[in-house]
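J.: The structure that follows is given in the form of C-alpha coordinates.
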Amino acid sequence: MLVPALAQPGPAAVPVQPDYAAMITQGDVILKDFRFGTGETLPELRMHYATLGTPRRGPDGRVNNAVMVLHGTGGTGLQFLQPQFSLELFGPGQPLDISKYYIILPDNIGHGKSSRPSDGLKMRFPAYDYTDMVRAQRQMLTEGLKVDRLRLVMGTSMGCMHGFVWGQVDPGFVQAMMPMACLPMPIAGHNRMWRKAAIEGIKADPAWNGGNYTSPPMMGLRVAASLLQVAGFAPLYLQKAFPSRDTADAYITQRIDAAIKGIDANDTIYQIESSRNYDPSKTVEAMTMPVTWINSSDDFINPWDYGVAEDFGKRLPDGKYLLIKATDETRGHGTHTWARFWKDELVALLARSAK
(Lines give C-alpha, C1' and ligand atoms only; values in the text may rest on other atoms or scores of the structure.)
Protein backbone atom coordinates (compact mmCIF):
# COMPACT_ATOMS: atom_id res chain seq x y z
CA MET A 1 0.00 0.00 0.00
CA LEU A 2 1.39 3.34 -1.03
CA VAL A 3 1.35 6.11 1.54
CA PRO A 4 0.85 9.53 -0.02
CA ALA A 5 3.81 11.81 0.52
CA LEU A 6 3.14 14.72 2.82
CA ALA A 7 3.14 18.07 1.10
CA GLN A 8 6.25 20.01 1.89
CA PRO A 9 5.76 23.61 2.97
CA GLY A 10 6.93 26.14 0.43
CA PRO A 11 9.22 29.02 1.25
CA ALA A 12 7.71 31.58 3.59
CA ALA A 13 6.28 34.56 1.80
CA VAL A 14 8.49 37.62 2.10
CA PRO A 15 6.43 40.68 2.98
CA VAL A 16 6.43 43.27 0.25
CA GLN A 17 7.96 46.44 1.63
CA PRO A 18 6.31 49.70 0.62
CA ASP A 19 8.19 51.84 -1.87
CA TYR A 20 7.89 55.27 -0.32
CA ALA A 21 10.07 56.81 -3.01
CA ALA A 22 7.33 55.98 -5.51
CA MET A 23 4.69 57.60 -3.29
CA ILE A 24 6.25 61.01 -2.74
CA THR A 25 5.12 64.23 -4.30
CA GLN A 26 7.92 66.71 -5.01
CA GLY A 27 7.78 70.40 -5.74
CA ASP A 28 9.40 73.80 -5.39
CA VAL A 29 8.28 76.95 -3.62
CA ILE A 30 9.84 80.16 -4.93
CA LEU A 31 10.32 82.80 -2.24
CA LYS A 32 10.54 86.23 -3.86
CA ASP A 33 13.12 88.80 -2.73
CA PHE A 34 14.27 86.72 0.21
CA ARG A 35 16.32 88.80 2.61
CA PHE A 36 19.04 87.12 4.64
CA GLY A 37 20.21 88.12 8.10
CA THR A 38 23.36 89.62 6.59
CA GLY A 39 21.21 92.05 4.56
CA GLU A 40 21.93 90.18 1.32
CA THR A 41 18.96 89.28 -0.87
CA LEU A 42 18.07 86.85 -3.62
CA PRO A 43 15.36 87.79 -6.13
CA GLU A 44 14.21 84.16 -5.99
CA LEU A 45 15.02 81.57 -3.35
CA ARG A 46 13.96 78.06 -4.35
CA MET A 47 12.84 75.70 -1.58
CA HIS A 48 12.44 72.11 -2.74
CA TYR A 49 10.31 69.62 -0.82
CA ALA A 50 8.90 66.12 -0.91
CA THR A 51 5.69 65.05 0.80
CA LEU A 52 3.95 61.83 1.79
CA GLY A 53 0.30 61.58 2.81
CA THR A 54 -2.43 64.15 2.51
CA PRO A 55 -3.03 67.37 4.45
CA ARG A 56 -6.12 67.22 6.67
CA ARG A 57 -7.95 70.30 7.87
CA GLY A 58 -9.75 70.73 11.16
CA PRO A 59 -13.02 72.59 11.80
CA ASP A 60 -11.04 75.85 11.81
CA GLY A 61 -9.84 75.20 8.26
CA ARG A 62 -6.20 74.84 9.30
CA VAL A 63 -4.04 71.82 8.47
CA ASN A 64 -3.72 69.80 11.67
CA ASN A 65 -1.68 66.73 10.67
CA ALA A 66 1.51 68.20 9.16
CA VAL A 67 4.84 66.74 10.30
CA MET A 68 8.09 68.32 9.08
CA VAL A 69 11.30 66.29 9.25
CA LEU A 70 14.56 68.25 8.91
CA HIS A 71 17.81 66.76 7.62
CA GLY A 72 21.38 67.28 8.75
CA THR A 73 24.40 69.02 7.23
CA GLY A 74 24.91 67.87 3.65
CA GLY A 75 21.69 65.86 3.58
CA THR A 76 18.35 66.16 1.81
CA GLY A 77 14.74 65.47 2.70
CA LEU A 78 14.83 62.25 0.70
CA GLN A 79 17.30 60.70 3.15
CA PHE A 80 14.32 59.91 5.39
CA LEU A 81 13.10 57.37 2.84
CA GLN A 82 15.89 55.06 4.01
CA PRO A 83 14.40 51.83 5.37
CA GLN A 84 15.77 52.25 8.92
CA PHE A 85 13.61 55.37 9.19
CA SER A 86 10.67 55.03 6.80
CA LEU A 87 9.85 51.34 7.32
CA GLU A 88 9.70 51.89 11.08
CA LEU A 89 7.50 55.01 11.00
CA PHE A 90 5.36 55.56 7.90
CA GLY A 91 3.38 52.33 7.52
CA PRO A 92 -0.14 51.39 8.69
CA GLY A 93 -0.37 51.60 12.47
CA GLN A 94 3.15 53.02 12.78
CA PRO A 95 3.88 56.28 14.62
CA LEU A 96 3.75 58.51 11.51
CA ASP A 97 1.29 56.45 9.45
CA ILE A 98 0.97 58.37 6.17
CA SER A 99 -2.75 57.63 6.01
CA LYS A 100 -3.04 59.92 9.06
CA TYR A 101 -0.13 62.34 8.79
CA TYR A 102 1.10 64.72 6.10
CA ILE A 103 4.87 64.31 6.05
CA ILE A 104 6.94 67.24 4.72
CA LEU A 105 10.60 66.61 3.85
CA PRO A 106 12.30 69.85 2.73
CA ASP A 107 15.73 70.38 1.24
CA ASN A 108 17.12 73.28 3.21
CA ILE A 109 18.92 76.28 1.74
CA GLY A 110 22.22 75.18 0.21
CA HIS A 111 21.17 71.53 0.02
CA GLY A 112 19.60 69.11 -2.45
CA LYS A 113 17.43 70.80 -5.05
CA SER A 114 16.97 74.04 -3.12
CA SER A 115 18.94 77.17 -4.01
CA ARG A 116 22.65 76.71 -3.35
CA PRO A 117 26.02 78.19 -4.26
CA SER A 118 26.67 75.58 -6.97
CA ASP A 119 23.71 76.90 -8.95
CA GLY A 120 26.07 79.58 -10.27
CA LEU A 121 26.79 82.24 -7.66
CA LYS A 122 29.52 80.14 -6.05
CA MET A 123 31.11 82.08 -3.17
CA ARG A 124 28.94 85.11 -3.98
CA PHE A 125 25.89 83.24 -2.68
CA PRO A 126 24.41 84.95 0.42
CA ALA A 127 26.04 83.84 3.67
CA TYR A 128 23.00 82.07 5.10
CA ASP A 129 22.75 80.84 8.67
CA TYR A 130 20.36 78.63 10.64
CA THR A 131 17.91 81.45 11.32
CA ASP A 132 17.69 82.14 7.57
CA MET A 133 17.07 78.45 6.97
CA VAL A 134 14.24 78.29 9.51
CA ARG A 135 12.65 81.46 8.14
CA ALA A 136 12.75 79.92 4.66
CA GLN A 137 11.14 76.73 5.98
CA ARG A 138 8.36 78.78 7.52
CA GLN A 139 7.71 80.72 4.32
CA MET A 140 7.77 77.51 2.29
CA LEU A 141 5.09 76.10 4.57
CA THR A 142 2.81 79.11 4.75
CA GLU A 143 3.16 80.50 1.23
CA GLY A 144 3.66 77.31 -0.76
CA LEU A 145 2.03 74.45 1.11
CA LYS A 146 -0.58 76.55 2.95
CA VAL A 147 0.42 75.05 6.28
CA ASP A 148 0.39 77.48 9.22
CA ARG A 149 0.71 74.94 12.02
CA LEU A 150 2.89 71.86 12.49
CA ARG A 151 1.72 68.89 14.50
CA LEU A 152 5.35 67.89 14.94
CA VAL A 153 8.84 68.98 13.97
CA MET A 154 11.52 66.29 13.97
CA GLY A 155 15.10 67.20 13.20
CA THR A 156 18.38 65.31 13.01
CA SER A 157 21.81 66.89 13.61
CA MET A 158 21.59 70.27 11.82
CA GLY A 159 17.83 69.67 11.72
CA CYS A 160 17.94 69.15 15.49
CA MET A 161 19.53 72.57 15.85
CA HIS A 162 16.90 73.99 13.51
CA GLY A 163 14.33 72.65 15.95
CA PHE A 164 15.86 74.70 18.75
CA VAL A 165 15.88 77.74 16.42
CA TRP A 166 12.18 77.15 15.66
CA GLY A 167 11.63 77.27 19.40
CA GLN A 168 12.98 80.81 19.43
CA VAL A 169 11.62 82.09 16.10
CA ASP A 170 8.00 80.88 16.32
CA PRO A 171 7.25 78.41 19.13
CA GLY A 172 3.49 78.81 18.66
CA PHE A 173 3.73 77.35 15.14
CA VAL A 174 4.82 73.93 16.45
CA GLN A 175 2.64 71.61 18.55
CA ALA A 176 5.42 69.15 19.46
CA MET A 177 9.16 69.01 18.91
CA MET A 178 11.58 66.08 18.66
CA PRO A 179 15.19 67.25 18.14
CA MET A 180 17.79 64.49 17.82
CA ALA A 181 21.60 64.63 18.00
CA CYS A 182 22.55 68.19 18.91
CA LEU A 183 23.09 70.59 21.78
CA PRO A 184 21.44 74.03 22.23
CA MET A 185 24.75 75.85 22.63
CA PRO A 186 27.28 77.61 20.37
CA ILE A 187 29.34 75.60 17.93
CA ALA A 188 32.69 76.06 19.67
CA GLY A 189 35.58 74.03 21.05
CA HIS A 190 36.07 70.62 19.45
CA ASN A 191 32.85 70.86 17.42
CA ARG A 192 33.93 74.09 15.73
CA MET A 193 37.49 72.89 15.22
CA TRP A 194 36.70 69.85 13.08
CA ARG A 195 34.26 71.97 11.04
CA LYS A 196 36.88 74.66 10.53
CA ALA A 197 39.43 72.00 9.53
CA ALA A 198 37.03 70.67 6.88
CA ILE A 199 36.46 74.16 5.46
CA GLU A 200 40.16 75.05 5.44
CA GLY A 201 41.00 71.68 3.90
CA ILE A 202 38.95 72.65 0.86
CA LYS A 203 40.25 76.21 0.68
CA ALA A 204 43.88 75.06 0.94
CA ASP A 205 43.55 73.03 -2.26
CA PRO A 206 44.95 75.23 -5.08
CA ALA A 207 42.28 73.81 -7.40
CA TRP A 208 39.58 75.48 -5.26
CA ASN A 209 40.76 78.85 -6.65
CA GLY A 210 38.69 81.02 -4.35
CA GLY A 211 35.59 79.01 -5.26
CA ASN A 212 36.03 79.56 -9.00
CA TYR A 213 37.17 76.04 -9.85
CA THR A 214 36.64 74.52 -13.27
CA SER A 215 36.97 70.98 -11.95
CA PRO A 216 36.36 69.74 -8.39
CA PRO A 217 39.20 70.37 -5.91
CA MET A 218 39.59 66.68 -5.14
CA MET A 219 42.33 66.94 -2.51
CA GLY A 220 40.30 69.44 -0.51
CA LEU A 221 37.11 67.44 -0.90
CA ARG A 222 38.91 64.34 0.38
CA VAL A 223 39.96 66.23 3.53
CA ALA A 224 36.41 67.45 4.15
CA ALA A 225 34.77 64.13 3.37
CA SER A 226 37.19 62.27 5.64
CA LEU A 227 36.44 64.54 8.59
CA LEU A 228 32.68 64.37 8.00
CA GLN A 229 32.76 60.58 7.86
CA VAL A 230 34.79 60.20 11.06
CA ALA A 231 32.57 62.68 12.89
CA GLY A 232 29.51 60.55 12.20
CA PHE A 233 30.96 57.15 13.03
CA ALA A 234 30.01 54.77 15.86
CA PRO A 235 33.11 53.11 17.41
CA LEU A 236 31.43 50.10 19.06
CA TYR A 237 29.35 49.24 16.00
CA LEU A 238 32.31 49.60 13.65
CA GLN A 239 34.56 47.44 15.83
CA LYS A 240 31.97 44.66 15.66
CA ALA A 241 31.19 45.07 11.97
CA PHE A 242 34.80 45.52 10.74
CA PRO A 243 37.05 43.63 13.20
CA SER A 244 40.13 43.37 10.96
CA ARG A 245 42.46 45.92 9.43
CA ASP A 246 41.54 44.87 5.90
CA THR A 247 37.79 45.14 6.39
CA ALA A 248 38.15 48.46 8.18
CA ASP A 249 40.40 49.85 5.43
CA ALA A 250 38.02 48.73 2.69
CA TYR A 251 35.01 50.26 4.42
CA ILE A 252 36.46 53.70 5.11
CA THR A 253 37.98 53.90 1.62
CA GLN A 254 34.61 53.07 0.06
CA ARG A 255 32.76 55.55 2.27
CA ILE A 256 35.09 58.45 1.47
CA ASP A 257 35.15 57.69 -2.25
CA ALA A 258 31.35 57.62 -2.35
CA ALA A 259 31.07 60.84 -0.31
CA ILE A 260 33.40 62.75 -2.61
CA LYS A 261 31.25 61.92 -5.63
CA GLY A 262 28.19 63.43 -4.00
CA ILE A 263 29.40 66.82 -2.76
CA ASP A 264 30.29 70.22 -4.21
CA ALA A 265 33.14 72.13 -2.58
CA ASN A 266 31.44 75.53 -2.28
CA ASP A 267 28.16 73.99 -1.15
CA THR A 268 30.05 72.07 1.54
CA ILE A 269 31.78 75.20 2.83
CA TYR A 270 28.46 77.02 3.12
CA GLN A 271 26.71 74.05 4.71
CA ILE A 272 29.31 73.76 7.46
CA GLU A 273 29.77 77.50 7.98
CA SER A 274 26.00 78.12 8.36
CA SER A 275 26.29 76.93 11.98
CA ARG A 276 28.73 79.74 12.85
CA ASN A 277 26.36 81.87 14.98
CA TYR A 278 23.95 79.23 16.26
CA ASP A 279 23.23 79.79 19.97
CA PRO A 280 19.80 79.22 21.55
CA SER A 281 21.38 78.58 24.96
CA LYS A 282 20.03 81.66 26.71
CA THR A 283 16.42 81.29 25.60
CA VAL A 284 15.54 77.57 25.57
CA GLU A 285 12.67 78.41 27.93
CA ALA A 286 10.89 79.87 24.90
CA MET A 287 10.27 76.30 23.70
CA THR A 288 6.94 75.95 25.47
CA MET A 289 5.60 73.09 23.34
CA PRO A 290 6.09 69.47 24.50
CA VAL A 291 9.65 68.47 23.60
CA THR A 292 11.41 65.12 23.56
CA TRP A 293 15.09 65.69 22.88
CA ILE A 294 17.30 62.68 22.21
CA ASN A 295 21.07 62.26 22.01
CA SER A 296 23.24 59.14 21.99
CA SER A 297 26.28 58.47 24.14
CA ASP A 298 28.47 57.40 21.19
CA ASP A 299 28.00 60.72 19.37
CA PHE A 300 31.43 62.16 18.48
CA ILE A 301 29.91 65.52 17.55
CA ASN A 302 27.86 66.02 20.73
CA PRO A 303 29.69 64.18 23.54
CA TRP A 304 27.44 63.10 26.40
CA ASP A 305 30.02 63.95 29.03
CA TYR A 306 30.07 67.69 28.46
CA GLY A 307 27.62 67.63 31.36
CA VAL A 308 25.35 70.31 29.89
CA ALA A 309 22.46 68.50 28.20
CA GLU A 310 20.72 67.50 31.41
CA ASP A 311 20.66 71.11 32.63
CA PHE A 312 19.31 72.35 29.30
CA GLY A 313 16.66 69.64 29.45
CA LYS A 314 15.50 70.84 32.86
CA ARG A 315 15.03 74.34 31.46
CA LEU A 316 12.54 73.19 28.83
CA PRO A 317 9.06 74.02 30.23
CA ASP A 318 7.52 70.78 28.93
CA GLY A 319 10.65 68.91 27.97
CA LYS A 320 12.18 65.49 28.29
CA TYR A 321 15.85 64.77 27.61
CA LEU A 322 16.87 61.20 26.79
CA LEU A 323 20.37 59.78 26.27
CA ILE A 324 20.53 56.52 24.31
CA LYS A 325 23.30 54.33 25.72
CA ALA A 326 25.92 53.20 23.22
CA THR A 327 25.96 49.56 22.22
CA ASP A 328 27.47 47.67 19.30
CA GLU A 329 24.13 48.21 17.54
CA THR A 330 23.76 51.99 17.92
CA ARG A 331 25.16 54.16 15.13
CA GLY A 332 26.94 57.05 16.82
CA HIS A 333 25.78 60.44 15.60
CA GLY A 334 23.68 58.59 13.01
CA THR A 335 21.55 56.87 15.66
CA HIS A 336 19.11 59.71 14.95
CA THR A 337 18.02 58.00 11.72
CA TRP A 338 17.61 54.46 13.15
CA ALA A 339 14.06 54.74 14.41
CA ARG A 340 14.03 51.43 16.28
CA PHE A 341 16.12 53.02 19.03
CA TRP A 342 13.66 55.84 19.80
CA LYS A 343 10.30 55.35 18.09
CA ASP A 344 8.55 54.47 21.37
CA GLU A 345 9.54 57.93 22.60
CA LEU A 346 7.97 59.42 19.47
CA VAL A 347 4.71 57.59 20.20
CA ALA A 348 4.78 58.94 23.76
CA LEU A 349 5.47 62.49 22.58
CA LEU A 350 2.56 62.40 20.13
CA ALA A 351 0.26 61.21 22.92
CA ARG A 352 1.59 63.80 25.35
CA SER A 353 1.10 66.64 22.90
CA ALA A 354 -2.35 65.66 21.61
CA LYS A 355 -4.96 68.42 21.86
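J.: Just to check your reading of the model, which residue among Met161, Met123, Met193 is crowded, with 23+ Cβ neighbours inside 10 Å, at pLDDT 95 or above and not in a loop (DSSP other than H, G, I, E, B)? Full working, then the answer.
T.: Numbers: Met123 fails: crowded, with 23+ Cβ neighbours inside 10 Å; Met193 fails: crowded, with 23+ Cβ neighbours inside 10 Å.
Residue meeting the stated conditions: Met161.
J.: OK, next. Give region 252-301 a look and list any residue that's surrounded by fewer than 22 Cβ atoms within 10 Å (Cβ to Cβ), among the small types (Gly, Ala, Ser) and part of a helix (DSSP H, G or I), or say none.
T.: Those that are surrounded by fewer than 22 Cβ atoms within 10 Å (Cβ to Cβ), among the small types (Gly, Ala, Ser) and part of a helix (DSSP H, G or I): Ala258, Ala259, Ser281, Ala286.
J.: With the condition kept exactly as written, say whether any residue in region 71-94 is over 21 Å from Tyr20 (Cβ atoms) and buried (at least 18 other Cβ atoms within 10 Å of the Cβ).
T.: Yes, some residue in region 71-94 is over 21 Å from Tyr20 (Cβ atoms) and buried (at least 18 other Cβ atoms within 10 Å of the Cβ).
J.: Related question: So if I check each of Asp132, Asp97, which one is among the acidic types (Asp, Glu), modelled with pLDDT of 95 or more and assigned to a loop (DSSP other than H, G, I, E, B)?
T.: From the options Asp132, Asp97, the qualifying one is Asp97.
J.: Within region 302-314, how many residues turn out to be touching a residue at least 24 places away in the same chain (Cβ under 8 Å), surrounded by fewer than 16 Cβ atoms within 10 Å (Cβ to Cβ) and in a helix (DSSP H, G or I)?
T.: 1
J.: Right, another one. Those residues that are on the phi > 0 side of the Ramachandran plot and either free of Cβ contacts under 8 Å to residues at least 40 places away in the same chain or touching a Ser or Thr at 6+ places or on another chain (Cβ under 6 Å) (or both), I need them from region 23-57; list them, please.
T.: The answer is Asp33, Gly39.
J.: For region 201-220, indicate whether the set of residues that are open to solvent by 60 Å² or more (accessible area, probe 1.4 Å) and under 28 Å from Tyr306 (Cβ atoms) is non-empty.
T.: no
J.: Additional query: List pairs: first in region 322-335 and in contact (Cβ under 8 Å) with a residue 12 or more places away in the chain and in a strand (DSSP E or B), second of a type in the set (Asp, Glu) and surrounded by 15 or more Cβ atoms within 10 Å (Cβ to Cβ), Cβ under 8 Å, 6+ apart or cross-chain?
T.: Here the result reads Leu322/Glu345, each pair linking region 322-335 to a residue that is of a type in the set (Asp, Glu) and surrounded by 15 or more Cβ atoms within 10 Å (Cβ to Cβ).
J.: For the structure I just gave you, tell me whether Asn209 is assigned to a helix (DSSP H, G or I), modelled with pLDDT of 95 or more, within 21 Å of Ile294 (Cα to Cα) and not charged (D, E, K, R).
T.: no
The values are calculated or read from the model by the stated rules, or taken from the named source; none is laboratory data. What you are looking at is a predicted structure, and each value in this text was computed from that prediction instead of being measured. When we count neighbours, we look across all protein chains shown, and the Cβ atoms used for this are built from the backbone with ideal geometry, even at glycine. Each accessible area value is taken on the protein alone, full model and side chains, heavy atoms only, with ligands, DNA and RNA left out. Shrake-Rupley method; radii C 1.70, N 1.55, O 1.52, S 1.80 Å.
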